[in-house]
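Peer 1: Before we start, here is the structure in question, set down as structure tokens.
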Amino acid sequence: MKPTDYDLAIIGGGPAGLTASIYAARARLNILVLEKSALGGQILVTDWIENYPGFPEGLSGADLVMKMADQARRFGVEIETNQVQSMDVAGPLKTLVLDDRTVTTKAVIIATGASPKKLGVPGETEFYGRGISTCATCDAPFFKNSVVAAVGGGDTAVQESIFLTRFAKKVYLIHRRDSLRATRILQERALANDKIEIKWDSVITAVNGSDAGVEGITIENVKTGEKSDLPVEGCFVWVGTSPNTSFLDGAVAVDKAGFVVVNSRMETSVPGVYAAGDVRNTPLRQVATAVGDAAIAAFQAATYIESME
Ligand SMILES: Cc1cc2nc3c(=O)[nH]c(=O)nc-3n(C[C@H](O)[C@H](O)[C@H](O)COP(=O)(O)OP(=O)(O)OC[C@H]3O[C@@H](n4cnc5c(N)ncnc54)[C@H](O)[C@@H]3O)c2cc1C
């Protein structure tokens with residue numbers, strides 16, 4: 001085989017990508033870490049993380065990113081800002097097409113994570129960034145003493161709604177079922193918070209507003225069919241995530257929802273290509289699971305590369 005530019009390319013600089021880089025650097029592999037935007041992935045927009053072990057008081061997402069990045073740099077990892085546009089990984093020599101060049105590598109770890117899902121209702125596209133947000137950490141301060149809506153019933157929706165109450169005077173939490181999916185401790189906090197009013201069995205059918213931005217939402221009770229308008233100045237959406245896998249374009253197998261299919265060794269359908277974190281088929285998308293996946297993926301990649309020599 002022709003010499004390659006790198007032993008291992010890691011795509012994504014979130015918790016999974018950074019962890020994989022630490023393991024790969026300590027295995028003395030010649031690696032390239034590619035991150036298309038800000039280092040840290042989704043935890044960068046997370047106000048407070050209190051379920052990642054080792055930090056008994058919890059810590060901000062930004063602090064956790066900084067610690068992970070510092071640890072990676074300590075082992076000489078360099079992170080390049082560049083986006084993988086496509087890849088050809090069928091043979092032993094793998095090619096990645098970046099924004100400005102093409103690189104070759106022996107192995108690849110896909111750690112491109114996921115992005116917030118959209119509601120798909122009228123007004124959503126129009127008011128995105130003008131009252132509609134998926135990041136409370138970034139945008140909650142704009143809604144001081146306002147009434148806002150939050151959509152969802154999982155951990156992220158409930159935790160971020162509680163965060164919103166530090167700024168907003170009232171938060172309507174719109175949830176399509178009659179009970180929350182979030183971890184019990186978060187449910188208890190939300191139910192005890194008198195700034196949060198939960199609209200059970202309800203979905204948003206439209207986001208309404210004017211040139212000035214969001215002025216209200218229309219919700220529908222899924223049991224009675226009754227519609228009502230709620231005057232709100234902002235609407236935060238946390239209804240799940242979609243995988244960042246469009247660039248793969250069939251290069252490795254994905255499931256129906258587009259998440260990369262891997263086995264317990266984080267091996268994809270293609271030898272030498274691994275996936276870790278939120279981008280893969282997993283029952284739990286969290287920092288703790290992403291870093292665990294990444295450690296396995298990097299270990300397996302190192303074993304694979306060694307077997308080629
Ligand atoms: C609001 C919110 C609150 C959360 N709270 C918690 C919490 O309290 N505790 C917890 O454990 N988890 C929490 N999570 C989940 C946690 O953030 C994710 O599980 C974790 O970030 C997944 O890490 P990852 O590295 O797999 O993916 P990501 O964090 O999504 O990182 C993927 C990275 O890949 C980059 N990328 C994508 N495509 C490309 C490409 N083609 N080329 C180059 N780079 C690319 C992206 O820019 C991104 O930086 C929360 C998530 C959100 C959104």
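Peer 1: Just give me the residues in the range 223-278 being β-branched (Val, Ile, Thr), under 14 Å from the mean Cα position of the chain (by Cα) and more than 28 Å from Trp200 (Cα to Cα), in sequence order.
Peer 2: Across the range 223-278, the qualifying residue is only Thr245.
Peer 1: Would you be able to tell me the number of residues in the range 12-54 that are more than 21 Å from Thr134 (Cβ to Cβ) and open to solvent by 60 Å² or more (accessible area, probe 1.4 Å)?
Peer 2: 6
Peer 1: Can you list residue pairs whose Cβ atoms sit under 6 Å apart, with the first residue in the range 7-30 being under 11 Å from Thr105 (Cβ atoms) and the second being in a helix (DSSP H, G or I) and within 7 Å of the ligand (Cβ to nearest atom)? Count only pairs 6 or more apart in sequence or on different chains.
Peer 2: Ile10/Gly17
Peer 1: So if I check each of Ser264, Ser307, which one is small (Gly, Ala, Ser), assigned to a loop (DSSP other than H, G, I, E, B), out of contact with any His (no Cβ under 9 Å at 6 or more places or on another chain) and within 18 Å of Tyr23 (Cβ to Cβ)?
Peer 2: Ser264
Peer 1: Shifting gears a bit: Give Thr289, Thr205 a once-over and let me know the one that is within 30 Å of Ser60 (Cα to Cα), among the polar types (S, T, N, Q), at pLDDT 95 or above and within 27 Å of the chain's Cα centre (by Cα).
Peer 2: Just a single option satisfies the conditions, and that option is Thr289.
Peer 1: For Ser307, only one of the following conditions fails: (1) among the polar types (S, T, N, Q); (2) within 30 Å of Met1 (Cα to Cα); (3) open to solvent by less than 30 Å² (accessible area, probe 1.4 Å). What is its number?
Peer 2: So the condition that Ser307 fails would be (3).
Peer 1: If you go through the range 228-251 one residue at a time, do you hit one that is of a type in the set (A, V, I, L, M) and surrounded by fewer than 18 Cβ atoms within 10 Å (Cβ to Cβ)?
Peer 2: Residues of the range 228-251 that are of a type in the set (A, V, I, L, M), as a first pass: 230, 232, 237, 239, 248, 251.
Pick out the ones that are also surrounded by fewer than 18 Cβ atoms within 10 Å (Cβ to Cβ) and you get none.
Scanning the range 228-251 turns up no residue that is of a type in the set (A, V, I, L, M) and surrounded by fewer than 18 Cβ atoms within 10 Å (Cβ to Cβ).
Peer 1: Here's a follow-up. Can you find, within the range 95-127, the residue that is most open to solvent (accessible area, probe 1.4 Å) among those that are in a strand (DSSP E or B), within 16 Å of the ligand (Cβ to nearest atom) and not β-branched (Val, Ile, Thr)?
Peer 2: Across the range 95-127, the extreme among qualifying residues is Pro116.
Peer 1: Could you identify the single residue in Gly250, Gly272 that is in contact with a Lys or Arg (Cβ under 7 Å, 6 or more places away or on another chain) and more than 12 Å from the ligand (Cβ to nearest atom)?
Peer 2: One residue alone meets the criteria, Gly272.
Peer 1: While we're here: Only one of Val77, Val45 is modelled with pLDDT under 95 and near the ligand (Cβ under 9 Å from one of its atoms). Can you tell me which?
Peer 2: Unique residue meeting the criteria: Val45.
Peer 1: How many residues, within the range 45-94, are over 15 Å from Thr19 (Cα atoms) and in a strand (DSSP E or B)?
Peer 2: 8
Peer 1: Then there is this: Across the range 84-94, what is the total count of residues that are of a type in the set (Gly, Ala, Ser) and within 14 Å of the ligand (Cβ to nearest atom)?
Peer 2: Final tally of qualifying residues: 1.
The values are calculated or read from the model by the stated rules, or taken from the named source; none is laboratory data. Here the structure is a predicted model, which is why all the values come from computation and not from measurement. Cβ atoms come from the backbone with ideal geometry, glycine included; neighbour counts cover every protein chain shown. Areas reflect the complete protein model, heavy atoms only, side chains present, ligands, DNA and RNA absent. Shrake-Rupley method; radii C 1.70, N 1.55, O 1.52, S 1.80 Å.
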